[in-house]
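A short write-up of the structure that comes next.
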Amino acid sequence: NVSTLKAYFKCIGYKGYDLVYSPQSGFTCVSPCSRGYCHHGGQCQHLPSGPRCSCVSFSIYTAWGEHCEHLSMKLDAFFGIFFGALGGLLLLGVGTFVVLRFWGCSRARFSYFLNSAEALP
């Protein structure tokens with residue numbers, strides 16, 4: 001019976017390893033790193049004291065926490081997105097104003113009477 005044999009095997013040397021049985025390889029010590037110990041792309045290292053995550057930063061997010069389970073937006077990325085969007089809206093508003101201003105003037109400036117009777121007062 002596997003549960004009876006499990007009492008005779010121990011994973012010694014590294015804290016956190018679990019003893020797992022599979023019919024192909026028998027009893028094996030498995031690291032928590034192989035089972036998704038770190039989140040958000042964190043790099044897992046298994047040290048004698050136990051697993052440790054090295055969190056990886058993304059383009060606009062920074063992962064943090066014992067298992068890299070938390071995400072925070074980088075402040076410079078936030079302001080870059082904010083002011084970029086604000087500048088885009090300002091440019092769109094100025095472009096709309098210029099088009100409407102000149103479109104309205106061009107219609108009034110180049111209007112001609114088609115009938116000579118309308119041209120005389």
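Taking (1) modelled with pLDDT of 85 or more; (2) more than 30 Å from Y14 (Cα to Cα); (3) outside any helix (DSSP H, G or I) in turn, I81 satisfies each apart from (3). What about Y61, is it surrounded by 10 or more Cβ atoms within 10 Å (Cβ to Cβ), touching a helix residue (DSSP H, G or I) at 6+ places or on another chain (Cβ under 7 Å) and either modelled with pLDDT of 90 or more or of a type in the set (F, W, Y) (or both)? No; evaluated as a whole, the condition is false for this residue. L19 meets the conditions (1) within 16 Å of H67 (Cα to Cα); (2) not in a loop (DSSP other than H, G, I, E, B) in every case but one. The failed one is (1). For first residues located in the range 1-15 and within 14 Å of G26 (Cβ to Cβ), partners that are of a type in the set (A, V, I, L, M, F, W, C) and surrounded by 12 or more Cβ atoms within 10 Å (Cβ to Cβ) and lie 6+ apart or on another chain with Cβ distances below 7 Å form the pairs K6/L19; F9/L19; F9/F27; C11/L19; C11/C29. When you go through C29, C44 one by one, which is the residue that is modelled with pLDDT of 85 or more, within 32 Å of the chain's Cα centre (by Cα), in a strand (DSSP E or B) and of a type outside the set (S, T, Y)? The match here is C44.
The values are calculated or read from the model by the stated rules, or taken from the named source; none is laboratory data. This structure is a prediction, so every number in the text was calculated from the model and none was measured. Neighbour counts run over all protein chains shown; Cβ positions are idealised from the backbone, glycine included.
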